[in-house]
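Written out below as structure tokens is the structure these notes cover.
The values are calculated or read from the model by the stated rules, or taken from the named source; none is laboratory data. It should be emphasised that the depicted structure is a prediction, and the values quoted were computed from it without experimental measurement. Cβ: placed from backbone, ideal geometry, glycine included. Neighbour counts: every protein chain shown.
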Amino acid sequence: MNALLAIFVKELREYFATPIALAVVAVFWALCGYLFSFHLFFVSTAQMVTSFHNMIILMLLVMPLLTMRIFAEENKSGTMELLLTLPMSDYATVLGKYLAGLFIVCLMLGGTATAVVPLVFYGEPDLGPIWGGYVGTFAFGAMFLAIGLAVSCACTNQVVAALITWGILVMLWFIDYPAAFDFIPGLSAALLHMSLSSQHVDLIRGVLSGSALIYFASVVVFSLFVAVRLLRLRRTR
Amino acid sequence: MAAIVFDGVCKSFGSRRVLHHLSFRVEPGEIVGLLGPNGSGKTTTLRLISGYYQPDAGRLTIQGVAREGSRGQLKRYVGYLPERAPLYDSLTVTQYLHFVGRCKGLRGGELKASVEASIAAFELASVAKTAIARLSKGFRQRVGLGQAILGDPAVLLLDEATNGLDPMQIIEARDMIRQVAKGRAVIFSSHLMQEVEALCTRAIILRHGHLITDVSLDADANEQGTVILLRWKGESLPTLLATLNAMPGVSQATAEGSTASDPSHVIRVCYREAPASLNSMLEHAMAQGQVLSVEQEDRSVEAILVDAVRRSDRLAAEETA
């Protein structure tokens, strides 16, 4: 636990010492604010559903930039060797880094909560779906982070890590395309369930289904497990 | 109890074997220089001790605990400075030392005391609040050494710890390493012969993953006294060796085999005080053309390394033939 906390604190210090994390958060906030304001003043729709959709699309674009350095930088600078020879488990290393990333995701989403203030001030929004929407958007962020972390673990080049993460996320977004042909009904159902584009339709409305949350949690656990296995693989290669 | 014991340790990467049945021991208080050409297995040896790699075969124990089974515990016994002293540039020196200390399981007063001791040992107080990115190479190396001694490890592994430093920095680093090495088993891997000579009490030389020489640098000269090398072309080599070994004052006389291209033998004679009978015998043999040359053996680390590598290559060539 001590080591996990040490990794968590170290990661946060590194996030805020480099311009990338700050730029990612700032750009995310700025674009979310712009899109929310556009809908509010020009489309005259005061709701968060579109905002949650925009947030997920923006996270799909910016999260690889946030995750690319998590392990790739350690691999490149040689600090990975030191990290793996310290008396702590690989799980602590991966979890510490993941939790620090989740903190940044929370920060990103927390900043957008300012959009809820005018809705509450000028209207009477149903806060239940808004909370649900935030939980759903957070689930997307947590999944993007876990996938990016696992990819970063396998790379020494940060740009390559970001590109591969983008590739996986975009593939997961559109993975239901073959379902339109319905060649194998069982497979089509599975692809629709795996598809992020179909999952997000309910989640941005604050509709949290158990199967969707289990799917997201499974991807997170699997990705973190892959990251731990990749760390162990380094010792036997 | 030996701090480090390698007993027939092997390590391969895929089909390529990089360490072949490596066996040696390091006692507390020893500073062992790990030498060898590039690709000889030095870094792999250090990584095995540090826990970065696991041995494929053989037994590796640290402080009496076997490598397999209790990795976390073993890592607590080891302080490791990898090659190029990898550090987190965005952290300050104190933040970095606290981070490593926490990862080593230190907390509270113990962590604070250990970090302060490390800062004092490597004279880091003036840069304690400075970001590592802004440090000179010498200070970066000190920070790397500082993290290695956190938690008071019984074993210290230093991979090319003085590489890239200027002469003054090397002298400073050497003094600091000597200070922190007291009571610990230290393995110091380096390409710099003069560093090993100045710092180490013993040298282990690796070649293609084999241990080819394990020689004491401290006591070797005192134990063996003077060593001369005779190039002998005469006959009755066994008789000559028996005569030399029977001479008072001669501690050992050994011969290396001749080859097809060079039929002469190199005879290595160790003595504390040259007996008169040895001098007269040599004069007589040289007059008769049986001794081609006499020279005093160079006992520098460089000479030991070159000699060991050449001998290893010659034996390998003979085995292949």
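Exactly one of (1) touching a Lys or Arg at 6+ places or on another chain (Cβ under 8 Å); (2) crowded, with 16+ Cβ neighbours inside 10 Å is unmet by residue A:64. Its number? The single condition residue A:64 does not satisfy is (1).
Answer with yes or no whether residue A:127 is loosely packed, with under 15 Cβ neighbours inside 10 Å and not basic (Lys, Arg). Quick ask: steps written out before the conclusion?
On the way: loosely packed, with under 15 Cβ neighbours inside 10 Å: yes; not basic (Lys, Arg): yes.
Taking the combined requirement at face value, the residue satisfies it.
Within the stretch A:202-221, the set of residues being over 17 Å from the mean Cα position of the chain (by Cα) and without any contact (Cβ under 8 Å) to a residue 40 or more places away in the chain comprises A:209, A:210, A:211.
Residues that are at pLDDT below 85 and within 9 Å of another protein chain (Cβ to nearest Cβ) were ranked within the stretch B:51-82; the one that is farthest from residue B:152 (Cα to Cα) is B:71.
For the stretch B:38-50, what are the residues that are more than 14 Å from chain A (Cβ to nearest Cβ), of a type outside the set (D, E, K, R) and under 14 Å from residue B:204 (Cβ atoms)?
Narrowing the stretch B:38-50 to residues more than 14 Å from chain A (Cβ to nearest Cβ): B:38-42.
Narrowing the set further to residues that are of a type outside the set (D, E, K, R) leaves B:38-41.
Within the stretch B:38-50, B:40, B:41 meet the criteria.
Which of the residues spanning the stretch B:181-210 are outside any strand (DSSP E or B) and basic (Lys, Arg)?
Just the residues of the stretch B:181-210 that are outside any strand (DSSP E or B), to begin with: B:181-184, B:190-201, B:208-209.
Result: B:182, B:184.
Among the residues making up the stretch A:107-124, those that are touching a residue at least 24 places away in the same chain (Cβ under 8 Å) and either loosely packed, with under 11 Cβ neighbours inside 10 Å or touching a Lys or Arg at 6+ places or on another chain (Cβ under 6 Å) (or both) are A:122, A:123. For the stretch B:119-136, the criterion of being part of a loop (DSSP other than H, G, I, E, B) and within 11 Å of another protein chain (Cβ to nearest Cβ) is met by none of the residues.
For residue B:223, state whether it is at pLDDT below 80, out of contact with any Phe, Trp or Tyr (no Cβ under 6 Å at 6 or more places or on another chain) and not in a loop (DSSP other than H, G, I, E, B). Yes. Residues in the stretch B:181-200 that are crowded, with 23+ Cβ neighbours inside 10 Å and aliphatic (A, V, I, L, M): B:185, B:186, B:187, B:196, B:199.
Of all the listed residues (A:165, A:156), the sole one being at pLDDT 85 or above, touching a Gly at 6+ places or on another chain (Cβ under 7 Å) and on the phi < 0 side of the Ramachandran plot is A:165.
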